[in-house]
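The values are calculated or read from the model by the stated rules, or taken from the named source; none is laboratory data. As the structure is a computational prediction, the values presented were derived from the model and not from experiment. Here Cβ is always computed from backbone atoms with ideal geometry, including for glycine, and neighbour counts include all displayed protein chains. Please note that ligands, DNA and RNA were not included when accessible areas were found on the heavy atoms of the full protein model with its side chains. Shrake-Rupley method; radii C 1.70, N 1.55, O 1.52, S 1.80 Å.
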Amino acid sequence: QVRLVESGGGLVQPGGSLRLSCVASGRIFSGFVMGWYRQAPGKQRELVAVVTGGGSRNYAESVKGRFTISRDNAKNTISLQMNSLKPEDTAVYYCNTYRGAENYWGQGTQVTVSS
């Protein structure tokens with residue numbers, strides 16, 4: 001079993017920055033892909049950014065150039081640095097990790113971008 005705990009959400013003005021963090025505990029290995037997803041009200045959950053244990057990264061087109069995902073395998077943590085935030089980035093952000101049939105989610109952290 002794997003447990004994911006997110007932190008770092010909050011309210012920020014457009015153009016501002018936030019940094020999300022996720023700590024994984026339990027049976028987790030570098031072979032797990034880790035990433036961030038988000039879900040805005042009335043919309044489906046969508047991928048934001050993922051990173052493999054080897055450091056390969058993939059981003060949603062809407063966040064490329066603004067968000068950066070990082071991973072520390074020794075500490076089983078990932079972070080999401082979000083810059084130049086826009087109102088459309090407002091959502092609940094979820095940490096995720098998976099390997100094969102194993103798939104785990106955190107409880108989510110709210111990010112609100114508003115003036």
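Observations on the structure shown:
- Here Val113 fulfils each of the conditions (1) more than 16 Å from Cys22 (Cα to Cα); (2) open to solvent by less than 50 Å² (accessible area, probe 1.4 Å); (3) within 15 Å of the chain's Cα centre (by Cα) apart from (3).
- Residue list for region 52-108, filter: assigned to a helix (DSSP H, G or I) and open to solvent by 50 Å² or more (accessible area, probe 1.4 Å): Glu61, Ser62, Pro87, Glu88
- Candidate set from region 3-40 (those that are of a type in the set (Phe, Trp, Tyr) and more than 11 Å from the chain's Cα centre (by Cα)); member that is nearest to Ile69 (Cα to Cα): Phe32
- Those residues of region 73-90 which are farther than 13 Å from Arg38 by Cβ and over 14 Å from the mean Cα position of the chain (by Cα), in sequence order: Asn73, Ala74, Lys75, Ser84, Pro87
- Residues that are assigned to a strand (DSSP E or B) and over 20 Å from Thr77 (Cα atoms) within region 1-16 comprise Leu11, Val12, listed in sequence order.
- Residues (assigned to a loop (DSSP other than H, G, I, E, B) and either exposed (fewer than 14 other Cβ atoms within 10 Å of the Cβ) or in contact with a helix residue (DSSP H, G or I) (Cβ under 8 Å, 6 or more places away or on another chain) (or both)) located in region 17-29: Ser17, Arg27, Phe29
- For the residues Gly65, Gly35, Gly31, Gly53, the requirement of being under 17 Å from Glu102 (Cβ atoms) and modelled with pLDDT of 95 or more singles out Gly35.
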